[in-house]
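Quick notes on the structure that follows.
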Amino acid sequence: MSPYALSMLMSSLAVGTIVTLSSHHWFLAWMGLEINTLAIIPLMTKMHHPRATESATKYFLTQATASALILFSTTINAWMTGEWTIMNMTNPTPTVILTLALAIKLGIAPFHLWLPDVLQGLNMLTCLILSTWQKLAPMALMMLTSHQLNTNLLIAMALMSTIIGGWGGLNQTQMRKIMAYSSIAHLGWMILVISFAPSLALLNLLIYLVLTSSMFLMLMTLNSTNTNKLSISWLKTPTLAASMMVTLMALGGLPPTSGFLPKWLILQEMTKQHLGTLSALMTMSALLSLFFYIRLSYTISMTSPPNISNSSLTWRKKKNLTYLIPILIIMSATMMPITPTLLLLN
């Protein structure tokens, strides 16, 4: 792809998200979401592969359906209330439609089926953008309307997302599908607490972005797309392989890594809301996700490929984007001790 076309598409992605984040009018927010969708589709199809075309088609159809539902719900709300303000979603019918539309946009269960298939057909950089940057605008709209959304519907989708996100990743060998199910599970934790404490949902989103970016950048550096390739990563860069284990433990939510922080605070908030049974179910569903993260750590550290290379380093290893990885790894592992500071910021 031409550098000029690539820069224009990346700029359009940034503009679409900023327009949605800064808007107070529903039509302007919808325009930002559409700019986002139209900007990422050429990035998906730049590989000129049938799987990439299939992924782009699935993504376009699901996002177009979600955008139509958002426009439909906001039009009904404007018809009933007489205004297009984002913060004024008082009627239950457009609110439920909006919740379902944003769930489709984000890939929250039971509207999650498109996400693993779409990610599997893309390259790692596009997967990184789709799993991180593309979540910002819909999640911002959900946070803005969180005090008016149906709490029972959000709790049901959150529990379903964490169970499906953990269950679906158990039998996967492709890293992109594993990261897709990881994204579904993390989004479940975010929408669980979004109507009780939006600041905790924002903290969870920020930590999810750091962990997912770190994981994808490491996979890009090691050129690992499945668990077999992951098993020889210690031959290429032993330090990076060890760091990947820490990031995987953080994604699973083990202390003292950063991933434990949002789960701990969310469970504490759920207990304050007298939702002890729900907290127990969420904790047990998190164990499903933790199992396949531990399995990946075992693959990296304790398994050997059938044919071990004689060379100690990979020939002409790529050096791109490596300056970001140490910063993200440090943030993945060390945000837990500064919990009081983060809580004060919220």
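The values are calculated or read from the model by the stated rules, or taken from the named source; none is laboratory data. As the structure is a computational prediction, the values presented were derived from the model and not from experiment. Every residue, glycine among them, receives a Cβ derived from its backbone with ideal geometry; neighbour counts consider all protein chains shown. Heavy atoms of the whole protein, side chains included, go into the accessibility calculation; ligands, DNA and RNA do not. Shrake-Rupley method; radii C 1.70, N 1.55, O 1.52, S 1.80 Å.
Is it true that some residue in region 71-85 is among the aliphatic types (A, V, I, L, M) and open to solvent by less than 10 Å² (accessible area, probe 1.4 Å)?
As a first pass, look at region 71-85 and keep what is among the aliphatic types (A, V, I, L, M): 71, 76, 78, 80.
Right, trim to open to solvent by less than 10 Å² (accessible area, probe 1.4 Å) and you get none.
For region 71-85, residues among the aliphatic types (A, V, I, L, M) and open to solvent by less than 10 Å² (accessible area, probe 1.4 Å): absent.
Taking the stated definitions as given, is residue 257 open to solvent by less than 20 Å² (accessible area, probe 1.4 Å) and not in a helix (DSSP H, G or I)?
Here the answer is yes, as residue 257 does meet what is asked.
A quick yes/no check of all residues on (1) assigned to a helix (DSSP H, G or I); (2) at pLDDT below 90; (3) of a type in the set (Phe, Trp, Tyr):
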{"residue": "268", "(1), (2), (3)": "yes, no, no"}
{"residue": "306", "(1), (2), (3)": "no, yes, no"}
{"residue": "309", "(1), (2), (3)": "no, yes, no"}
{"residue": "326", "(1), (2), (3)": "yes, yes, no"}
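Only one of 183, 224, 195 is in a loop (DSSP other than H, G, I, E, B) and closer than 19 Å to residue 131 by Cβ; which?
Details: 183 fails: in a loop (DSSP other than H, G, I, E, B); 195 fails: closer than 19 Å to residue 131 by Cβ.
So the residue among 183, 224, 195 that is in a loop (DSSP other than H, G, I, E, B) and closer than 19 Å to residue 131 by Cβ is 224.
Can residue 239 be described as in contact with a strand residue (DSSP E or B) (Cβ under 9 Å, 6 or more places away or on another chain), farther than 23 Å from residue 277 by Cα and not aliphatic (A, V, I, L, M)? Lay out the reasoning, then the answer.
On the way: in contact with a strand residue (DSSP E or B) (Cβ under 9 Å, 6 or more places away or on another chain): no; farther than 23 Å from residue 277 by Cα: yes; not aliphatic (A, V, I, L, M): yes.
It is false that residue 239 is in contact with a strand residue (DSSP E or B) (Cβ under 9 Å, 6 or more places away or on another chain), farther than 23 Å from residue 277 by Cα and not aliphatic (A, V, I, L, M).
Determine whether residue 213 is outside the structural domain of residue 55 (by the TED database), open to solvent by less than 30 Å² (accessible area, probe 1.4 Å) and either aromatic (Phe, Trp, Tyr) or over 22 Å from residue 138 (Cβ atoms) (or both).
On the way: outside the structural domain of residue 55 (by the TED database): yes; open to solvent by less than 30 Å² (accessible area, probe 1.4 Å): yes; either aromatic (Phe, Trp, Tyr) or over 22 Å from residue 138 (Cβ atoms) (or both): no.
Judged against the criteria, residue 213 is not a match.
Out of curiosity, is residue 187 surrounded by fewer than 24 Cβ atoms within 10 Å (Cβ to Cβ), closer than 18 Å to residue 141 by Cβ, touching a residue at least 60 places away in the same chain (Cβ under 8 Å) and under 13 Å from the mean Cα position of the chain (by Cα)? Explain how you work it out, then say what you get.
Values: surrounded by fewer than 24 Cβ atoms within 10 Å (Cβ to Cβ): no; closer than 18 Å to residue 141 by Cβ: yes; touching a residue at least 60 places away in the same chain (Cβ under 8 Å): yes; under 13 Å from the mean Cα position of the chain (by Cα): yes.
No.
Only one of these conditions is not met by residue 196: (1) under 19 Å from the mean Cα position of the chain (by Cα); (2) of a type outside the set (Ser, Thr, Tyr); (3) open to solvent by 10 Å² or more (accessible area, probe 1.4 Å); (4) under 30 Å from residue 154 (Cα atoms). Which number is it?
(1)
Going residue by residue through region 167-181, is there one that turns out to be in the same structural domain as residue 329 (by the TED database), of a type in the set (Val, Ile, Thr) and touching a residue at least 12 places away in the same chain (Cβ under 8 Å)?
Of region 167-181, the ones in the same structural domain as residue 329 (by the TED database) are 167-181.
Of the ones still in play, those that are also of a type in the set (Val, Ile, Thr) are 173, 178.
Add one more test, that the residue is touching a residue at least 12 places away in the same chain (Cβ under 8 Å), and what stays is 173, 178.
Looking through region 167-181, at least one residue is in the same structural domain as residue 329 (by the TED database), of a type in the set (Val, Ile, Thr) and touching a residue at least 12 places away in the same chain (Cβ under 8 Å).
Quick one: residue 181 ticks every box in (1) closer than 23 Å to residue 281 by Cα; (2) touching a His at 6+ places or on another chain (Cβ under 9 Å); (3) at pLDDT below 95 bar one, so which box is it?
(3)
Somewhere in region 118-137, is a residue open to solvent by 10 Å² or more (accessible area, probe 1.4 Å), outside the structural domain of residue 268 (by the TED database) and among the β-branched types (Val, Ile, Thr)?
Within region 118-137, the first condition is being open to solvent by 10 Å² or more (accessible area, probe 1.4 Å), and the residues that meet it are 120, 123-125, 128-129, 132-134, 136.
Restricting the remaining residues to those that are outside the structural domain of residue 268 (by the TED database) gives 120, 123-125, 128-129, 132-134, 136.
Checking which are among the β-branched types (Val, Ile, Thr) leaves us with 129, 132.
Yes, some residue in region 118-137 is open to solvent by 10 Å² or more (accessible area, probe 1.4 Å), outside the structural domain of residue 268 (by the TED database) and among the β-branched types (Val, Ile, Thr).
Conditions: (1) in the same structural domain as residue 190 (by the TED database); (2) of a type outside the set (S, T, N, Q); (3) not in a helix (DSSP H, G or I). Residue 164 meets all but one. Number of the miss?
(3)
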